[in-house]
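S.K.: Take this structure, written in structure tokens, and hold onto it; I'll ask about it next.
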Amino acid sequence: MALSGTLTKKLVENFGAGRHGDGSGLYLVVDPSGARRWIVRVVVKGQKNKKGAPLRTDFGLGGADVVTLNQARERALEYRRMAKQGLNPRFNARQEVPTFEEVAQQVHIDRMPTWKNAKHGQQWINTLRDYAFPKIGRMPIDSIDQPEVMMCLAPIWTEKHETAKRLSQRIKIVLDVAKSKGFRSGENPVTAVKDAQALPKVKAKVKHHKAMAWRDVPAFYADLKSRNAMAAKVLMFTCLTGSRTGEVLGVRWDEVDLEERVWTCPEPFKGGQV
């Protein structure tokens, strides 16, 4: 049995919906959604189905975005050898499960077109590279449970809380994708850790805006007054009214009484910061 066939890497990437044969029972199945997966059809020697015919069965070999063409051929060859010996691959096949890092890297590649910019996409994988891969990167994706999630999150949960929250979200995404590809089952351990409140509550630290020393304000205002730029005038208005930047930038003429020289500032926007 040789590791060859009719498919090529380019064909695998570009085939439309349908079942596309490589030969010797190996098929690439492309769903209408565009998802691509491998299956192999074998006839198990000496075994019959319920109707008394030879036992012919299809087995999934994994998604084409994770399992390469050559890997699919190798797995298909293994299944055919077992079937030829009268062994049902369903019970005897050696399961090849990708590692956490392998799945995470593939998720990163798949989502590249959705990143707002290249920097955002790089930050996504860097968080996993720095805090998850050293601990669980080489582990099979199906062996990761709550203790492994805690091992990643606990050391930075209080010290780098925002980073830990982003790490938690990204680990969850990777495990959810692995489940959708058939490499995992059951509840996502990140969700279980959260529901169990296994990590301590962390109060958000108040971050105050930097402020100019009050003794420096007169000289700063005098400098603004000497400038003709509109931005300088707006900043002067902000200083005189003690208003927020968003409130000043949102001023409307109907809020200003020129005769009385009064600006009636509307109620602050409730949907978020101004």
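S.K.: Say we look at region 1-25 and pick out the residues that are in contact with a strand residue (DSSP E or B) (Cβ under 6 Å, 6 or more places away or on another chain) and part of a loop (DSSP other than H, G, I, E, B); which of these is surrounded by the fewest Cβ atoms within 10 Å (Cβ to Cβ)?
M.R.: Among those that are in contact with a strand residue (DSSP E or B) (Cβ under 6 Å, 6 or more places away or on another chain) and part of a loop (DSSP other than H, G, I, E, B), it is 6.
S.K.: For the condition in contact with a Phe, Trp or Tyr (Cβ under 6 Å, 6 or more places away or on another chain) and more than 27 Å from residue 99 (Cβ to Cβ), what is the one hit in 21, 46? It would help to see each step written out before you state the result.
M.R.: On the way: 46 fails: in contact with a Phe, Trp or Tyr (Cβ under 6 Å, 6 or more places away or on another chain).
After ruling out the rest, the residue left standing is 21.
Residue-wise test of (1) touching a helix residue (DSSP H, G or I) at 6+ places or on another chain (Cβ under 7 Å); (2) within 21 Å of residue 147 (Cβ to Cβ); (3) of a type in the set (D, E, K, R).
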position	(1), (2), (3)
176	no, yes, yes
187	no, yes, yes
210	no, no, yes
222	no, no, no
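S.K.: I need a count of the residues in region 100-118 that are over 16 Å from residue 35 (Cα atoms) and open to solvent by 30 Å² or more (accessible area, probe 1.4 Å).
M.R.: 10
S.K.: Against the condition of a type in the set (A, V, I, L, M, F, W, C), surrounded by 11 or more Cβ atoms within 10 Å (Cβ to Cβ) and in contact with a helix residue (DSSP H, G or I) (Cβ under 9 Å, 6 or more places away or on another chain), how does residue 42 come out, does it pass? So that I can check it myself, show each step before the final result.
M.R.: Details: of a type in the set (A, V, I, L, M, F, W, C): yes; surrounded by 11 or more Cβ atoms within 10 Å (Cβ to Cβ): yes; in contact with a helix residue (DSSP H, G or I) (Cβ under 9 Å, 6 or more places away or on another chain): yes.
Here the answer is yes, as residue 42 does meet what is asked.
S.K.: Which residue pairs have Cβ atoms closer than 8 Å, lie 6 or more positions apart in sequence or on different chains, and pair a first residue in region 108-120 that is within 20 Å of residue 174 (Cβ to Cβ) and of a type in the set (A, V, I, L, M, F, W, C) with a second residue that is surrounded by 10 or more Cβ atoms within 10 Å (Cβ to Cβ) and modelled with pLDDT of 80 or more?
M.R.: 112/121; 115/121; 115/124
S.K.: Check every one of the helices (runs of 4 or more DSSP H) wholly within region 180-274 and list those with 3 or more residues that are under 30 Å from residue 153 (Cα atoms).
M.R.: So the answer is 189-195.
S.K.: Quick one: which of 248, 217 is among the aliphatic types (A, V, I, L, M), free of Cβ contacts under 8 Å to residues at least 40 places away in the same chain and surrounded by 14 or more Cβ atoms within 10 Å (Cβ to Cβ)? Reasoning before the result, please.
M.R.: Values: 217 fails: surrounded by 14 or more Cβ atoms within 10 Å (Cβ to Cβ).
From the options 248, 217, the qualifying one is 248.
S.K.: I've got another one for you. Being modelled with pLDDT of 85 or more, within 30 Å of residue 64 (Cβ to Cβ) and not hydroxyl-bearing (Ser, Thr, Tyr): is that true of residue 201 here? Walk me through it before giving the result.
M.R.: Details: modelled with pLDDT of 85 or more: yes; within 30 Å of residue 64 (Cβ to Cβ): no; not hydroxyl-bearing (Ser, Thr, Tyr): yes.
The answer is no for residue 201.
S.K.: Do any residues in region 6-22 that are more than 19 Å from residue 58 (Cβ to Cβ) and of a type in the set (D, E, K, R) have Cβ atoms under 9 Å from those of residues that are at pLDDT below 90 and surrounded by 16 or more Cβ atoms within 10 Å (Cβ to Cβ), where the two are at least six apart or on different chains, and which pairs are they?
M.R.: Final answer for the pair search is 13/36; 13/64.
S.K.: Could you please find all residues in region 146-179 being out of contact with any Gly (no Cβ under 9 Å at 6 or more places or on another chain), open to solvent by 40 Å² or more (accessible area, probe 1.4 Å) and closer than 29 Å to residue 64 by Cβ?
M.R.: Answer for region 146-179, where residues must be out of contact with any Gly (no Cβ under 9 Å at 6 or more places or on another chain), open to solvent by 40 Å² or more (accessible area, probe 1.4 Å) and closer than 29 Å to residue 64 by Cβ: 169, 172, 173, 176.
S.K.: Can you find a residue in region 48-57 that is open to solvent by 20 Å² or more (accessible area, probe 1.4 Å), of a type in the set (S, T, N, Q) and over 25 Å from residue 183 (Cβ atoms)?
M.R.: The answer is yes; a qualifying residue exists.
The values are calculated or read from the model by the stated rules, or taken from the named source; none is laboratory data. Nothing here was measured: the structure is a model prediction, and the numbers come from that model. Cβ coordinates were reconstructed from backbone atoms using ideal geometry, including for glycine residues, and neighbour counts include every protein chain displayed. These area figures cover heavy atoms from the full protein model, side chains too; ligands, DNA and RNA do not enter into them. Shrake-Rupley method; radii C 1.70, N 1.55, O 1.52, S 1.80 Å.
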